[in-house]
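Enquirer: Provided herewith is a single structure, encoded as structure tokens, for subsequent inquiry.
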Amino acid sequence: MKKKTILVVSGGTSSEREVSLKSGRACSNAIKNLNYKVLNFDPAKEDFKKIKNYNVDIIFNALHGRDGEDGIAQSYFEYFKIPYTHSGILSSMNSMDKIISKRAFKINKIRTPEYIELNIINYHDVLKKKTLHSSLFYPLVLKPTNEGSSIGVNICKNFIELKKNVNKLIKKYKTLIIENFIGGQEIQVAVINEK
């Protein structure tokens, strides 16, 4: 029986590159220990289009952040008809976008902090008013709508901090979200095959 070849895709160009490279190395080692042949691919060094030249059985997606968890990488994998680990294009895109996620939460009656969306068009008007929305109160969380691993997250205790951080982030990101801060411990639960 032919030994399966797995392509570990990691690195990339997002701000989570270093985390992704670390994940990719750990995954490659674990997969090798399971007696599979492992190849590696870094979209920062090779164009995604070249992935079609790799003769692999499956792609293990160890990318983090933009272009890896937002449906971009998945669209290449699917276009070239290579099976891969991770959610599909649409679910990846929707879950990476915090505004789309929040809308889905509200439709499905899942509690989520109140928020407003800032973009390069409306942020001046919002900051001029100095009052945001009656349901928002300090401290507030300001963050990009399409980052992970807490990148770009700021907890603003007052309007001066909020304005300073908005002006800094809006230069790099097209859309930001401001939401109420909820203190406490973060808990993550992995669910695989309904277990």
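The values are calculated or read from the model by the stated rules, or taken from the named source; none is laboratory data. On a predicted model such as this, the values are computed, not experimentally measured, just so you know. Here the Cβ positions follow ideal geometry from the backbone for every residue, glycine too, while neighbour counts run over all protein chains shown. Just so you know, the surface numbers come from the protein's heavy atoms only, side chains and all, with ligands and any DNA or RNA stripped out. Shrake-Rupley method; radii C 1.70, N 1.55, O 1.52, S 1.80 Å.
Enquirer: Based on the alpha-carbon gyration tensor of region 84-124, what equivalent-ellipsoid semi-axes (square roots of 5 times the eigenvalues) come out, in whole Å, largest first?
Expert: Equivalent ellipsoid semi-axes, largest first: 23, 16, 6 Å.
Enquirer: Further, regarding this structure: When only the heavy atoms of the protein chains count and the probe is 1.4 Å, how do 156, 27 rank by accessible area, highest first?
Expert: The most accessible residue leads, giving 27, 156.
Enquirer: Quick one: which residues, 5 or more positions from residue 15 or on another chain, have an amide H under 5 Å from its amide H? H modelled 1.01 Å from N in the peptide plane, none for Pro or chain starts.
Expert: Residues meeting the amide H criterion: 66.
Enquirer: How long are the semi-axes of the equivalent ellipsoid of region 38-169, defined as square roots of 5 times the Cα gyration tensor eigenvalues? Whole Å, largest first.
Expert: 37, 17, 11
Enquirer: Follow-up question, since we're still on this one. Let me know the Rg and Dmax you get for region 99-195 when you use only its Cα atoms, in Å.
Expert: In order Rg, Dmax, the Cα atoms of region 99-195 give 14.5, 49 Å.
Enquirer: Which one of 80, 93, 104 is farthest out on the positive end of the charge dipole of region 68-120, using unit charges on Cβ (Lys, Arg +1; Asp, Glu -1) and the Cα centre as origin?
Expert: Of 80, 93, 104, it is 104.
Enquirer: Once the convex hull of the C-alpha atoms of region 1-112 is built, how many Å³ does it hold per residue, rounded to a whole number?
Expert: Per residue, the Cα convex hull of region 1-112 comes to 123 Å³.
Enquirer: Let me ask something else about it. Among 58-64, 32-38, 2-8, how do they line up from the highest to the lowest mean number of other beta-carbon atoms within 10 Å?
Expert: Descending mean neighbour count gives 58-64, 2-8, 32-38.
Enquirer: Probe radius 1.4 Å, ligands and nucleic acids left out: which of 13, 145 has the largest accessible area, and how do the rest follow?
Expert: 13, 145
Enquirer: I would also like to ask the following. Under a crude label model (7 Å from the Cα following the beta-carbon direction), how far is residue 2 from residue 155 in nanometres?
Expert: It works out to 5.3 nm between the two label points.
Enquirer: Kindly work out what percent of the DSSP beta bridges joining two residues of the chain are antiparallel, to the nearest 5.
Expert: Beta bridges within the chain, antiparallel portion: roughly 55 percent.
Enquirer: Under a cut-off of 23 Å between alpha-carbon atoms, report the lysines in cross-link reach of residue 49, not counting same-chain residues fewer than 8 places apart.
Expert: Excluding near neighbours in sequence, the set is 4, 37, 81.
Enquirer: Please work out the average accessible area per residue across the chain, using the 1.4 Å probe convention, and give it in Å².
Expert: I get 65 Å² per residue for the chain.
Enquirer: Apply 1/(1 + (r/R0)^6) to the Cβ-Cβ distance of residue 181 and residue 81, taking R0 = 45 Å, and write down the FRET efficiency to the nearest 0.05.
Expert: 0.50
Enquirer: Based on alpha-carbon positions alone, could you give the equivalent ellipsoid semi-axes of region 1-48 from the gyration tensor, as √(5λ), descending, whole Å?
Expert: Result for region 1-48: semi-axes of 22, 13, 5 Å.
Enquirer: Can you return the lysines within cross-link range of residue 128? Criterion is Cα-Cα under 24 Å, with same-chain partners fewer than 8 residues away left out.
Expert: 143, 157, 163, 164, 168, 171, 172, 174
Enquirer: For the chain, give the percent of accessible area contributed by carbon and sulfur heavy atoms, probe 1.4 Å, rounded to a whole number.
Expert: Its accessible area is 54 percent carbon and sulfur atoms.
Enquirer: While we're on this one: What is the dipole size for region 26-178, taken about its Cα centre, with +1 at each Lys and Arg Cβ and -1 at each Asp and Glu Cβ, in debye to the nearest 20?
Expert: 580 debye
Enquirer: Positive end of the charge dipole of the chain (Lys, Arg +1 and Asp, Glu -1 on Cβ, about the Cα centre): tell me which of 183, 11, 155 has its Cα farthest that way.
Expert: After comparing all options, I get 11.
Enquirer: Rank these by accessible area, largest first, 1.4 Å probe: 52, 163, 195.
Expert: Greatest to least solvent exposure: 195, 52, 163.
Enquirer: What is the sum of charges around residue 152, taking Lys and Arg as +1, Asp and Glu as -1, for the other residues whose C-beta is under 10 Å from the C-beta of residue 152?
Expert: Residues near residue 152 contribute +2 overall.
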